[in-house]
Amino acid sequence: MGTEVIVNGESAPAPAEPDRFAWFDAARFGLFIHWGLYAIPAGEWKGRTDHGEWFMLEAKMSVAEYALFADQFNPVRFDAEEWVRVAKDAGMRYMVVTAKHHDGFALWDSAENPFNIVRATPFKRDVFKELSDACREAGLKFCVYYSDTDWRDPNFPAEYNPSHFHGNPSPTPDMDAYLASVKAQLRELLTNYGEIGIVWFDYGAGFVGYDLGTAMKGQEIVDLIHSLQPNCLVNNRVGVPGDYGTPEQEIPTDAPRTPWETCMTMSRHWCHTTHDPAWKSAESLIRNLIEIASKGGNYLLNNGPRADGAFPPESLERLAAIADWMRINSEAIHGTGPTAFGAEMGEYSPTEKDANGKPVFVARREWRCTTKPGRLYLHLLEWPQSEFVLSDVKGTVTRGYLLADPERSSLPLMQNGGTVTVRLPALAPSPIASVLCLETKPL
Ligand code: FHN
């Protein structure tokens, strides 16, 4: 974009490039959906109950055997508007949905990939059309998960899989043909469903000994996406840096300086399973959101809908608890920047080392901070006895109040240089995290 334009014969500064990241950076919170044929066995098969979305590989199923699940897939309780309402109520600003996972089953009406919900199941509805419409109507970004792996496609090389499994191996896989099919499917997704916020690539393949970016021609794929939708974000999982990083099931100790998003399950598995014992508490999910936002990242929290299209009750319970907390505190998450401090996170031990000989990080859990211009949001995880003391404050604090106080009554506070002391009520408004907002003005 040039530095000037001519308007009515006069030279004027060129409009700034649209910031492709603005919505992502403000969102801070999204819903990840893993949904497909694997929801039918829901983890249980021939005596085992610990399968997940890798079910076809774990059960070493042929394409023909796995396709029998498509004949049964009829999610009569699927309701796109209900999915979107639950996500929006929880404060989620975007939704990433598995268009095609490693098993090759597509959730959109694909001419390129007829093994899809419209053409291969009794359900016959294009859930991507219904979800993209519902997201747009509700103001959520609709985003697409797409796996680099396809255990059905004979041209996907079996050797690219960690276990060299393939449901339909060709003796002479043709990677160019495979990539042509990948690009054709991406064109369908980026042409037929309106604005796509993110193409969320994933790697099922181990690409053992192969350079993912070269094998998948990653930059060509990213360029194709941007040629179709220039503002669409692409993550870092097609073998090239893409637009942002994707730590999985973990929150980085040190906040990356480039855009990032932690994806995490609510339970043990990404997809719905009937025997999942490891559901995380709503408290830990909310505190993850706070931790991630205080480091300037996004939280992509996963939910695995059931085969009938309904969200599991365990998910609904947690999302409702998150909605209750966000109803009061969302301004301390949406549109915020990272902490103005940092010492509150903890420090590296001067003596303790981990298995790799690196200093152990000793985390602190008293409070976290998110920021906006003229605002410090202190997320109090442990309620101080009577007062909260904050050091290294830049500028002057003009007022302090609890977001849980509908009147936002000013709390007694005093400031001595960079140290601010706030008198707090005896009881914490929330056992999970109570947010103290300090309004500030520059010195
Ligand atoms: O293999 C996939 C897995 O099934 C799941 O989709 C996660 C989600 O980020 N990604 C891969 C494992 O990293």
Suppose we filter Gly197, Gly209 for residues that are over 15 Å from His101 (Cβ atoms), open to solvent by 20 Å² or more (accessible area, probe 1.4 Å), in the same structural domain as Ala87 (by TED's automatic domain parsing) and away from the ligand (no atom under 16 Å from the Cβ); which single one remains?
Gly209
I'd like the full set of residues that are open to solvent by 10 Å² or more (accessible area, probe 1.4 Å), within 14 Å of the ligand (Cβ to nearest atom) and touching a helix residue (DSSP H, G or I) at 6+ places or on another chain (Cβ under 6 Å), limited to the range 26-60.
Glu53
Exactly one of Thr262, Thr339 is closer than 26 Å to Asn235 by Cα and open to solvent by 10 Å² or more (accessible area, probe 1.4 Å), and that residue is Thr339
Can you find a residue that is closer than 22 Å to Gly395 by Cβ and in contact (Cβ under 8 Å) with a residue 40 or more places away in the chain anywhere in the range 322-332?
yes
Of the residues that sit in the range 138-159 and are assigned to a loop (DSSP other than H, G, I, E, B) and farther than 20 Å from Ile221 by Cβ, which one is least open to solvent (accessible area, probe 1.4 Å)?
Leu140
Can you tell me which residues in the range 265-296 are within 16 Å of the ligand (Cβ to nearest atom), aliphatic (A, V, I, L, M), closer than 17 Å to Ile432 by Cβ and surrounded by fewer than 21 Cβ atoms within 10 Å (Cβ to Cβ)?
none
Determine, yes or no, whether Tyr377 is under 24 Å from Arg93 (Cα atoms) and not in a loop (DSSP other than H, G, I, E, B).
yes
Enumerated strands (runs of 3 or more DSSP E) restricted to the range 293-374, each holding at least 3 residues that are under 15 Å from Phe29 (Cβ atoms):
298-303
Is there a residue being under 14 Å from Phe165 (Cβ atoms) and under 24 Å from the mean Cα position of the chain (by Cα) anywhere in the range 92-102?
yes
Of all residues in the range 108-123 being hydrophobic (A, V, I, L, M, F, W, C), surrounded by fewer than 24 Cβ atoms within 10 Å (Cβ to Cβ) and touching a residue at least 24 places away in the same chain (Cβ under 8 Å), which is farthest from Leu186 (Cα to Cα)?
Phe123
Residues that are free of Cβ contacts under 8 Å to residues at least 24 places away in the same chain: which strands (runs of 3 or more DSSP E) entirely in the range 381-432 hold 1 or more of them?
413-416
Filtered residues of the range 212-223 (kept if at pLDDT 95 or above and surrounded by fewer than 18 Cβ atoms within 10 Å (Cβ to Cβ)):
Gln219, Glu220, Asp223
Hey, among Ala99, Ala90, which residue is among the aliphatic types (A, V, I, L, M), crowded, with 19+ Cβ neighbours inside 10 Å and within 16 Å of the ligand (Cβ to nearest atom)?
Ala99
Does Phe165 meet the test of being more than 16 Å from the ligand (Cβ to nearest atom) and open to solvent by 10 Å² or more (accessible area, probe 1.4 Å)?
no
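The values are calculated or read from the model by the stated rules, or taken from the named source; none is laboratory data. Since we're looking at a predicted model, the values are computed, not measured. Virtual Cβ from ideal backbone geometry, glycine too; neighbours counted across all protein chains shown. Side chains included, ligands, DNA and RNA excluded: accessible areas come from the protein's heavy atoms. Shrake-Rupley method; radii C 1.70, N 1.55, O 1.52, S 1.80 Å.
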